[in-house]
Amino acid sequence: MVPGDEIGLRIDQTLTQDATGTLVMQELEALGLDRACTEVSVQYVDHNLLQADEKNAEDHAYLRSACRRYGIWFSKAGNGVSHPTHMQRFGVPGKSMVGSDSHTPAAGSLGMLALGVGGLEAATAIAGEPVYVRMPEIWGVYLTGELPQWTSAKDVVLEMLRRHGVKGGLNRIIEYHGPGVSTLSAMDRHVIANMGAELGATTTVFPSDGAVYEFLKAEGRPQDFVEITAEPDAIYDVTEHIDLSTLEPLIAKPSSPDNVVPVREVAGTEVSQVVIGSSANPGLRDFAIAAHLVKGRQTNDAVSFDVNPTSREILADLTKMGGTFDLISAGARIHQAGCMGCIGMGQAPAVGQNSLRTFPRNFPGRSGTREDSVWLCSPETAAASALTGVITDPRELADKLDVAYPDLPLPARASINTDMLEAPPEPEEAHREPLVKGPNISALPDFPPLPDRIAAPVLLKVGDNISTDEISPAGARALPYRSNVPELAEFTFDQVDPTYPRRAAEAQRTGHLVVGGDNYGQGSSREHAAIAPRHLGLKAVLAKSFARIHWQNLANFGILALEFADPADYDRIEQGDTLVLDGLRDQVPDGGDIIVRNETKDEEYPVGHRLSPRQVEAVLAGGRIPLLARA
């Protein structure tokens, strides 16, 4: 396994969620799947929970019927966010897993090898095919010491983002090791592994040790424990050291997860909304520490204090501890167990008002408000700020209120309840299961093969770190169309240029191109950010570099992802220029430089690709689905 070489991985488990899962199920249908070939596959309903009309309800009915048809577990709406719920019920140390959600690496907290992938990779994994990735480097992060009071696991991963930025983990697996690891619970590790996605990492891995055993024991699954730790003389491609005892409360300013500063530097900034929850801070401890801080007090009059439980189990245990009562008494609004505001489904903040969230991402517009101002912080900082109405260092507030740092006695056994998890029926019954498709469930579009010549306008030029949220937005307006590609396509690049869909329609005869900067397509794994632009006629993207999952998604749907040989050529192209790429069906398999001619400016630029022969075959065919259908 040489870093940079393509490898294929056998997959034991898969995780899908409803914002991406409807396409996965449509892909399973297109593949003609008989029954899931994995050990465990689970479909969660945790994103599209707001049933403002019939669309989300139709998606949920379709997903349940597809799960019954293909042999997949179904987690009903309100059961919980996929990542912590999967960790509680299905995660097993040493197993491999892929998920059609970029935060799937959270399962690395249990010693799993868990990768976020596009929906089509998840579908083919369910069908028993290997998942292909470029072999990453292994980045060993050595932890020593113990976190000081009023800091927590969120501050560890924010420190990593402060040091290395959103591209620091590209083509790397982050492996945490050292004596400091033993001071972190399994759910603490979940926080850090979850937000490894914000570093751009392929995945994050922790050892499976005593903390993992205690977690599985509390979940009634001690038999699933397998000890997996690094050898004492393990060698890493890249090394890092963090002394946990030196950390202080940190916060990510708008509008990027790596815009990190100490809380004390921005203390006093006014706040109008505080939201606690999400897969980035999903543990019982995260809610209990906030409840302890606000107990017997009232949150600031100007603040909306929102709490999104991450699973029914955690809400039940928090209630038994009295924490739910303390939060409600302090003015909190308790919402259903799900992603909610993290994906822009409700809880959109006011324009020009600061929103503090214990979420993983604060990309522009992800909250559902175009001109938002979202900050990322720990539950301690969030709760302290909810009380004061301004960004507040929890250490200072605790001193002022004479609040002692709590010793939170979490239950030795969790409130396990599997009633909202539906096991798949036996194969004989499953074969008779009809797929329930409402009017909002469309068929997958048919895409033609890659042409030998592209002569098309640059319809859009964007800068660095464009996220998939900006390409195919989240939020209550767009998410209900996740299973209806033609309708969803009308929202493409809505955050960047709302005229893009109309102009793409006008250029349908020739198709069009997009030019991007570094790290194009960072963030969510949603393959809608590839399939919707392709539906609108996108032929190729020219960029300085690509984020891993989106780069793979582009290939999956037959869009040519090209990188500038000289990044300075990016500056020479303007929106509206007509570019010509000739002889593609010979040049793309050859793997050498491809010359792009700018007819508008009479210039030429060399570009290349990093596609494997397997990916080249898919791009030439117009995508993996037509390629597999042809086979």
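Taken together, Q495, Q508 contain a single residue that is farther than 28 Å from M25 by Cβ, part of a loop (DSSP other than H, G, I, E, B) and at pLDDT below 95, which is Q508. Kindly check whether there is at least one residue in region 194-207 that is closer than 16 Å to S152 by Cβ and touching a His at 6+ places or on another chain (Cβ under 7 Å). The answer is yes, given that some residue of region 194-207 is closer than 16 Å to S152 by Cβ and touching a His at 6+ places or on another chain (Cβ under 7 Å). Taking each residue of region 474-503 that is within 17 Å of V514 (Cα to Cα) and outside the structural domain of H528 (by TED's automatic domain parsing) and looking for partners that are buried (at least 17 other Cβ atoms within 10 Å of the Cβ) and at pLDDT 90 or above with beta-carbon atoms closer than 8 Å, six or more apart or interchain, yields nothing. All of (1) under 24 Å from the mean Cα position of the chain (by Cα); (2) crowded, with 16+ Cβ neighbours inside 10 Å; (3) not in a helix (DSSP H, G or I) hold for Y236 with one exception: (1). The set of residues in region 64-82 that are within 19 Å of Q13 (Cβ to Cβ) and touching a Phe, Trp or Tyr at 6+ places or on another chain (Cβ under 7 Å) comprises C67, S75, S82. Filtering S467, S525 for residues that are out of contact with any helix residue (DSSP H, G or I) (no Cβ under 8 Å at 6 or more places or on another chain), over 16 Å from K539 (Cα atoms) and among the hydroxyl-bearing types (S, T, Y) leaves a single hit, S467. In region 317-353, of all residues being crowded, with 24+ Cβ neighbours inside 10 Å, at pLDDT below 90 and among the small types (G, A, S), the one that is nearest to F305 (Cα to Cα) corresponds to G341. Take the conditions in contact (Cβ under 8 Å) with a residue 40 or more places away in the chain and either surrounded by fewer than 16 Cβ atoms within 10 Å (Cβ to Cβ) or aromatic (F, W, Y) (or both) and apply them to D188. Does it pass? No; evaluated as a whole, the condition is false for this residue. Reported count of residues in region 300-333, each being part of a helix (DSSP H, G or I) and either among the small types (G, A, S) or under 17 Å from A348 (Cα atoms) (or both), is 3. Going through (1) within 23 Å of I343 (Cβ to Cβ); (2) of a type in the set (S, T, N, Q); (3) out of contact with any Lys or Arg (no Cβ under 9 Å at 6 or more places or on another chain) one by one, T38 falls short only on (1). Which of the residues spanning region 75-96 are farther than 17 Å from D419 by Cα and among the small types (G, A, S)? Hits for region 75-96 are G91, G94, S96. Determine if region 524-537 includes at least one residue that is in contact with an Asp or Glu (Cβ under 8 Å, 6 or more places away or on another chain) and outside the structural domain of L115 (by TED's automatic domain parsing). Scanning region 524-537 turns up at least one residue that is in contact with an Asp or Glu (Cβ under 8 Å, 6 or more places away or on another chain) and outside the structural domain of L115 (by TED's automatic domain parsing).
Residue-by-condition table, conditions (1) outside the structural domain of I228 (by TED's automatic domain parsing); (2) surrounded by fewer than 21 Cβ atoms within 10 Å (Cβ to Cβ); (3) over 17 Å from S245 (Cα atoms); (4) modelled with pLDDT under 95:
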{"residue": "L115", "(1), (2), (3), (4)": "no, no, yes, no"}
{"residue": "A125", "(1), (2), (3), (4)": "no, no, yes, no"}
{"residue": "E137", "(1), (2), (3), (4)": "no, yes, yes, no"}
{"residue": "V141", "(1), (2), (3), (4)": "no, no, no, no"}
{"residue": "S152", "(1), (2), (3), (4)": "no, no, no, no"}
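The residue pairs whose first member lies in region 56-70 and is free of Cβ contacts under 8 Å to residues at least 60 places away in the same chain, whose second member is in a helix (DSSP H, G or I) and among the hydroxyl-bearing types (S, T, Y), and whose beta carbons are closer than 8 Å, counting only pairs six or more residues apart or on different chains, are L63/T22.
If the condition is being in contact (Cβ under 8 Å) with a residue 40 or more places away in the chain and touching a helix residue (DSSP H, G or I) at 6+ places or on another chain (Cβ under 6 Å), then region 169-183 contributes only G180. Would you mind stating whether S311 is among the polar types (S, T, N, Q), surrounded by fewer than 24 Cβ atoms within 10 Å (Cβ to Cβ) and within 28 Å of the chain's Cα centre (by Cα)? It is false that S311 is among the polar types (S, T, N, Q), surrounded by fewer than 24 Cβ atoms within 10 Å (Cβ to Cβ) and within 28 Å of the chain's Cα centre (by Cα). Summed over region 564-589, the residues that are within 30 Å of the chain's Cα centre (by Cα) and buried (at least 19 other Cβ atoms within 10 Å of the Cβ) give a count of 2. Of all residue pairs spaced 6 or more apart or on separate chains, none has beta-carbon atoms under 8 Å together with a first member in region 267-296 that is more than 18 Å from D188 (Cβ to Cβ) and a second member that is of a type in the set (S, T, Y) and modelled with pLDDT under 95. From the residues in region 505-525 that are surrounded by fewer than 22 Cβ atoms within 10 Å (Cβ to Cβ) and aliphatic (A, V, I, L, M), which one is nearest to K544 (Cα to Cα)? So, considering only residues that are surrounded by fewer than 22 Cβ atoms within 10 Å (Cβ to Cβ) and aliphatic (A, V, I, L, M), the one nearest to K544 (Cα to Cα) is A507. Looking only at region 323-353, residues that are of a type in the set (F, W, Y) and touching a residue at least 24 places away in the same chain (Cβ under 8 Å) come to 0 in all. Annotation: L628 fulfils all but one of (1) modelled with pLDDT of 95 or more; (2) part of a helix (DSSP H, G or I); (3) surrounded by 18 or more Cβ atoms within 10 Å (Cβ to Cβ); the unmet one is (1). Would you mind finding the one in I7, I72 that is more than 19 Å from the chain's Cα centre (by Cα), of a type in the set (V, I, T), buried (at least 24 other Cβ atoms within 10 Å of the Cβ) and within 22 Å of S102 (Cβ to Cβ)? Exactly one of I7, I72 is more than 19 Å from the chain's Cα centre (by Cα), of a type in the set (V, I, T), buried (at least 24 other Cβ atoms within 10 Å of the Cβ) and within 22 Å of S102 (Cβ to Cβ), namely I72. For region 355-373, residues that are under 25 Å from L293 (Cα atoms) and in contact with a helix residue (DSSP H, G or I) (Cβ under 9 Å, 6 or more places away or on another chain) total 7. Just one residue in the set K544, K539 is surrounded by fewer than 24 Cβ atoms within 10 Å (Cβ to Cβ), closer than 29 Å to E6 by Cβ and in contact with a Pro (Cβ under 6 Å, 6 or more places away or on another chain); that residue is K544.
The set of residues in region 11-22 being more than 17 Å from G78 (Cα to Cα) and within 16 Å of the chain's Cα centre (by Cα) consists of T14, T20. Evaluation of F215 against the conditions (1) outside any helix (DSSP H, G or I); (2) at pLDDT 95 or above; (3) closer than 29 Å to A337 by Cβ shows that the sole unmet condition is (1).
The values are calculated or read from the model by the stated rules, or taken from the named source; none is laboratory data. Keep in mind the model is a prediction, meaning the values are calculated, not measured. Note: ideal-geometry Cβ built from the backbone for every residue, glycine included; neighbour counts use all protein chains shown.
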